[in-house]
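See below for the structure under consideration.
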Amino acid sequence: MIFLISLAVAFVVAALLRRSQVRLASVAAGAFTALAALAVGVGSDWSAGLDTSVAEWFDARRTSREDAEAGAAFGYVGRPFHVLTAAAVFGLPLSLRRRSVRPIGLIFGAVAVGVLVEQTLKATIGRSATSGVLAHYTHSFPSGHVTGTAALLGSIAVCLGAGRSRAVKTVLAGLVVTAVLAVAWLALYIGAHTFTDVIGGMLLGGGIVAVCGLVYGSGAKGH
């Protein structure tokens, strides 16, 4: 695990020192390496302690009314039909405008990869802690809602920001980050996931978005 963490830090440093496509490749590699390190640590004492502390903090501040409202919002975000609709609503106009299937293909592809990897990780990674606060989170790593939100909105932002100014790209990135953090907060507030679950979802989604930037940027240069 120490090796994976060190490697992830090395990729982050490389991303800060590089530009363009190399930076995106380093970001993707760093995110996936950090995800692997977190996956290895799931169920360890430090992970269980952190997840328990965060869960107890939210438990102490949750109300029944707000919990119901947050649960409804969280459930709405995670419905497959809504995700597919959002992908089509944004992807189809972009594809028509640019006369290419690449935007809509990239968006749907990002979401599909996110679901596939997230479900695979959930099926293979389990927590050893099966009592107390973590009793219901045996196979909840990483958060599918956070992963899906990051992959969907991030890939849309990649397509919208292609060829735009740095200011526009910064605004798009800020909107995506805000939305992902909001979904992560909802997941923690209603007790749907643990803290490491949502961090894992962010890392997986972020890595996928970085790969989308690589793929879309390479295709744009080819044209």
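Considering each of Val158, Val168, Val176 in turn, give the residue that is touching a Phe, Trp or Tyr at 6+ places or on another chain (Cβ under 9 Å), part of a helix (DSSP H, G or I) and more than 24 Å from Ala123 (Cβ to Cβ). Let's see the steps before the verdict.
Values: Val168 fails: touching a Phe, Trp or Tyr at 6+ places or on another chain (Cβ under 9 Å); Val176 fails: touching a Phe, Trp or Tyr at 6+ places or on another chain (Cβ under 9 Å).
Within the list Val158, Val168, Val176, the selection yields Val158.
Let me spell it out: the conditions are (1) surrounded by 18 or more Cβ atoms within 10 Å (Cβ to Cβ); (2) closer than 19 Å to Ile208 by Cα; (3) of a type in the set (Val, Ile, Thr), and Val22 meets all of them except one. Which number is the exception?
(1)
Before we move on, is Val13 at pLDDT 85 or above, more than 30 Å from Ala135 (Cα to Cα), surrounded by fewer than 16 Cβ atoms within 10 Å (Cβ to Cβ) and of a type outside the set (Asp, Glu)? Even if it seems obvious, please write down each step before you answer.
On the way: at pLDDT 85 or above: yes; more than 30 Å from Ala135 (Cα to Cα): yes; surrounded by fewer than 16 Cβ atoms within 10 Å (Cβ to Cβ): yes; of a type outside the set (Asp, Glu): yes.
When the stated conditions are applied, Val13 passes them.
Going by the conditions given, is His139 under 16 Å from Ala187 (Cβ atoms), part of a helix (DSSP H, G or I) and not acidic (Asp, Glu)? Write out each step before concluding.
Details: under 16 Å from Ala187 (Cβ atoms): yes; part of a helix (DSSP H, G or I): no; not acidic (Asp, Glu): yes.
Considered against the rule, which asks whether it is under 16 Å from Ala187 (Cβ atoms), part of a helix (DSSP H, G or I) and not acidic (Asp, Glu), His139 comes out as no.
Go through the range 33-82 and give me each residue that's free of Cβ contacts under 8 Å to residues at least 60 places away in the same chain and hydrophobic (A, V, I, L, M, F, W, C).
Ala36, Ala37, Val40, Trp46, Trp57, Ala60, Ala68, Ala72, Phe81
With the requirement that a residue be more than 30 Å from Val215 (Cβ to Cβ) and either surrounded by fewer than 12 Cβ atoms within 10 Å (Cβ to Cβ) or modelled with pLDDT of 95 or more (or both), what does the range 98-135 give you? So that I can check it myself, show each step before the final result.
As a first pass, look at the range 98-135 and keep what is more than 30 Å from Val215 (Cβ to Cβ): 126-135.
Once the filter is applied, which keeps residues that are more than 30 Å from Val215 (Cβ to Cβ) and either surrounded by fewer than 12 Cβ atoms within 10 Å (Cβ to Cβ) or modelled with pLDDT of 95 or more (or both), the range 98-135 yields Ser131, Gly132, Ala135.
With the condition being within 22 Å of Ala151 (Cβ to Cβ) and of a type in the set (D, E, K, R), I'd like the helices (runs of 4 or more DSSP H) fully within the range 19-135 carrying at least 3 qualifying residues. So that I can check it myself, show each step before the final result.
Values: elements: 20-41, 45-59, 64-78, 80-98, 102-124.
Filter on the range 19-135 gives 102-124.
The values are calculated or read from the model by the stated rules, or taken from the named source; none is laboratory data. Being a predicted model, the structure only gives us computed values, none of them experimental. Virtual Cβ from ideal backbone geometry, glycine too; neighbours counted across all protein chains shown.
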